[in-house]
Amino acid sequence: MERTLILVKPDGVQRGVVGEVISRFEKRGLRLCGLKMLHMSKELAERHYHEHEGKPFYEGLITYITSGPIVAMCWEGSDAIAIARRTMGATRPAEAEPGSIRGDYALEVGRNIVHGSDGPETAAFELDLYFTEDELIDWERSTDQWVFE
Ligand code: IDP
Ligand code: MG
């Protein structure tokens, strides 16, 4: 079982697609293991996006991600990281497949609705930024046997 951090970014919250994003991950079969709403501080944004520091879009990215409340979630399942990234679609919405979240709801890379961890190490690092251990819930669904092999 793998866990991944998913964020509905400020544009997604403002545009009222939080439920839609949650619904897509739920329908895919991933299991929700943590959820909260918060307004990211500049410090948290800089820690989250430290790998992009110095890039031309970095300052705009920090301004964007701290511009309003976000929803942070933990989703789990076999291959959750890769499956969530495919469900989200490509970083650049122009390249995101129709049927993906970004392919259906976004136009611009700097307003691309969602974030998802890109690997096991970043997932662990990012989940730790947003959730304490006791905020991540270990539970079973009655449908798990019909979703997990
Ligand atoms: P990801 O979110 O799909 O993992 P990353 O390359 O890690 O994509 O970039 C992080 C975020 O930074 C993107 O989701 C996007 O919001 C923003 N970003 C990336 N590249 C650009 C760009 O060229 N212009 C503006 N924003 C960008
Ligand atoms: Mg990334």
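We did not get these values from a lab; they are worked out from the coordinates using the rules stated. Worth saying up front: this structure is predicted, and the values here are computed from it rather than measured. Positions of Cβ are backbone-derived with ideal geometry, glycine not excepted, and every protein chain shown enters the neighbour counts.
Here is how the numbers come out for the structure above:
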| quantity | calculated |
| --- | --- |
| For the range 44-52, Karplus couplings with θ = phi - 60° (6.51, -1.76, 1.60), whole Hz, Gly/Pro x | 5, 4, 5, 5, 4, 9, 4, 5, 9 |
| Label zone at His39, where the point sits 7 Å out along the Cα-to-Cβ direction: the range 54-98 residues whose backbone N lies under 15 Å | 63-71 |
| Cβ crowding within 10 Å averaged over residues, with 46-56, 111-121 ranked highest first | 111-121, 46-56 |
| The range 43-109 - charge dipole about Cα centre, Lys and Arg +1 at Cβ, Asp and Glu -1, debye rounded to 20 | 120 debye |
| Semi-axis lengths (Å, descending) of the ellipsoid that matches the C-alpha gyration tensor of the range 1-59 | 25, 15, 11 |
| Unit charges at the beta carbon, dipole of the range 90-149: most positive-side option, Val114, Phe148, Leu127 | Val114 |
| Candidate aspartates and glutamates for bridging to Lys36, where Cα separation is under 15 Å - those fewer than 8 sequence places away on the same chain excluded | Glu126, Asp128, Glu133, Asp134, Glu135 |
| The chain, dipole about Cα centre (Lys/Arg Cβ +1, Asp/Glu Cβ -1), debye to the nearest 20 | 620 debye |
| MRE, 222 nm, helices only [DSSP H, n ≥ 4, -39500 (n - 2.57), over the chain, to nearest 500] | -10500 deg cm²/dmol |
| Spherically averaged projected area in nm², based on the convex hull that wraps the Cα atoms of the chain | 8.6 nm² |
| Sequence-distant lysines (8 or more away, or on other chains) whose Cα lies within less than 19 Å of Lys55 | Lys42 |
| Per-residue HN-Hα couplings for the range 97-105 [Karplus 6.51, -1.76, 1.60; θ = phi - 60°; Hz; x = Gly/Pro] | 5, x, x, 8, 4, 5, x, 9, 10 |
